[in-house]
Each structure stands twice: as C-alpha cells, then as structure tokens.
Amino acid sequence: MNKDNAILKILFAITFVFYGMFVCIIPVRADMGAKPSIDLTVLNAPESYYVALLTNWATPEERGVPNVNSKLKLEEVNDESVVEYLKGFLYDGWFYHETPVGQSYFRSNAENRYCFDYKVPNPFKVIIIDADGEVYISDVLDQVEFNAECVYDMAAGTLEENRTNQVLGRISYVAGCYVITLVVEGIILKLFRYPFTKRNVFSFLFINTVTNIPLNHYLVYGSLSGIAAAFFILFFWPLIEVAIMLIEGAFYAYMLRDRDGKNRVTRGFVYSLVANIASATMSFIIPFILSAYI
C-alpha cells in the first residue's frame, strides 16, 4: 500500500508542476489565442493585384476626412502608391481596414488565397487593385462564422461565405479534444492500477462524454475573442475545469473498482484530479500549438 501511495503522490506532483508551468506561459501568449479571422479566396482574378478589406465602422466625419468618394483608378501601382491610396480611400462610407498587428493588405499569390486574422471587420467588403490601376469593390458580407472562409468571384461579382468546412472543423475540434481526453485519462487510469472492467470502462466513458463534449462545444461555438477570450482562459476556464474535477472525482470515488473489486474512495478522487489536469492541459495546448505554428 505504501508503494501505491508513493506512485500516486509522484503522479500528482508531476501533473501539478506541469500544469503550473503551462498556466504561467498563458499570460505571455494569451494574445495568440482564438480571434475572428477571414480566410479569403479570389476567383477569376487578374494576373497581378493587391487585395485588402473595407469597413464602415465610422462615418467620414468621425474619421475627420472629407465625405468624397475616391477615384477607382490608380495612375501608378506599387507598394508605396497602393498603401497611400488605401489609407486615404473612401467610397460610399467604406474605408480601408487596418489592423494594429499583422498585414492589412496582400500582394497576389499563386493560390489567390489570403488570411486576415486580427480584429477583422464585420460586415466587410473586399477591395482589389490590379496592375493597371483598376479598382474593384465587392458587395458587402456579414460573416457568420468566427473564422470565416469566404470566396470573392470577380467575374460574377459575388462575395460569399463557405460555412461547410467551418462546421466540419468545429466537429473535428470537439471530437479531437474528446479523443485526447480519453487517451490521456485512459493511460492515467492504468497507471492508477484500475483494471479495464466493464464497470470501470463504462464509468470512464460515461462521465467523460457528459463533461468533455459540452465544454469543448462551448469553446468553439462561444465566439470569444480578444480580452474576453483571455479573461475566459485565465479565470473561467480553470474554474470550470475545477468544477469538472470535483464532479468526476465524486463520480469516480463511488463508481471505480480496483483489481480486488474494492471501492477506493481516495484513490478514485485523486485519479480524477490528476487525469483532468493532464487531459485539460493537453486538450488545450495541442490545438494551441497547432494553431500557432501550422
């Protein structure tokens, strides 16, 4: 029994150290969390062009500029002239959207695909300037998805949002976090020397399905960004995880049986703490790393 207690203490200590290190790095990189984005694909585009977004969040008077439409033509097209044109652009109340971080405009690439990923406007329009100085403006679009995939067909003059991939992506995220939870907590269940009996496996699957899927469903459908997302990550998310640990701890303490068929209340509760801290950390850090570096 002393050997078992030593193993439990070691697992508990390692998990809390790892979790503490992870929480300490969140404030440093909290601004790399989820933000609304627009992934734009341009169809039937010219060979060479510049692309940016337009917003109407303020009136010309609020911006301190004359309420006069810009000419939809540039005499000279290069990086300097395009930036100057965009900064002074105004057309029917729409003006150039600039972000404090990242790129606000792009030169054309072979894929005709561009990602605007920091404080994107909603609603928005797309503006394109071709190599001859001709300026094209799309229709207005109100994005629905938090991370919107949009297609601007210049020939048809349409700007639309493709929501199918986004829904599949959300389902994949929730399913992925669920699988990570089962794998991590299943390994720890074995390390705690619980046998994979029908009772234990059913209890394990049941409580994780009840707690894990609703939480991750909220994370991807909650549409949190900026300060709200950072506040949730730093304060509410740990509180929710603690509540889940306590609920699962009480459940495991009552339901799990060891190899002798006995109910070890303390072991079941400690298992819940260790397993949930480990799985919560991994379920957050893996998508976090993937979104930041891939």
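The values are calculated or read from the model by the stated rules, or taken from the named source; none is laboratory data. As the structure is a computational prediction, the values presented were derived from the model and not from experiment. Glycine gets a Cβ as well: all are built from the backbone with ideal geometry, and neighbour counts include every protein chain shown. Quick note on the areas: whole protein, heavy atoms, side chains included, nothing else; ligands and nucleic acids left out. Shrake-Rupley method; radii C 1.70, N 1.55, O 1.52, S 1.80 Å.
Give the carbon-plus-sulfur fraction of the accessible surface of segment 33-166 in %, rounded to a whole number; probe 1.4 Å, heavy atoms of protein chains only.
Values: 3210 of 7060 Å².
Reported share for carbon and sulfur atoms: 45 percent.
List the residues whose amide H sits under 5 Å from the amide H of R264, counting only those 5 or more places along or on another chain, with H placed 1.01 Å from N in the peptide plane.
Those qualifying (amide H under 5 Å, at least 5 residues apart or on another chain) are D258.
With a cut-off of 8 Å between alpha carbons and a minimum separation of six or more residues, what is the relative contact order of segment 121-218 in percent?
Relative contact order comes out at 18 percent.
Express in whole angstrom the spacing between the alpha-carbon centres of segment 130-148 and segment 76-112.
Distance between centres, Cα-based: 11 Å.
So what's the net charge close to S272: Lys and Arg +1, Asp and Glu -1, counting the other residues with Cβ under 14 Å from its Cβ?
Details: positive: R264, R267; negative: E185, E241, E248.
Overall, the nearby charge balance is -1.
Expressed as a rounded percentage, what relative contact order does segment 53-172 have, with Cα pairs under 8 Å and six or more residues apart? Mind dumping the intermediate values first?
Working: 153 pairs, mean separation 28.5, N = 120.
With pairs under 8 Å counted, the relative contact order is 24 percent.
Per residue, how large is the accessible surface of segment 54-169? Use a 1.4 angstrom probe and give square angstrom. Spell out each step's value before the answer.
On the way: 6510 Å² over 116 residues.
Computed with neighbouring chains in place, this is 56 Å² per residue.
Using θ = phi - 60° and the Karplus relation 6.51 cos²θ - 1.76 cosθ + 1.60, list the HN-Hα couplings for segment 151-158 in order, rounded to whole Hz, with x at every Gly or Pro.
Per residue, the Karplus-derived 3J(HN,Hα) values read 10, 10, 9, 5, 5, 7, x, 10 Hz.
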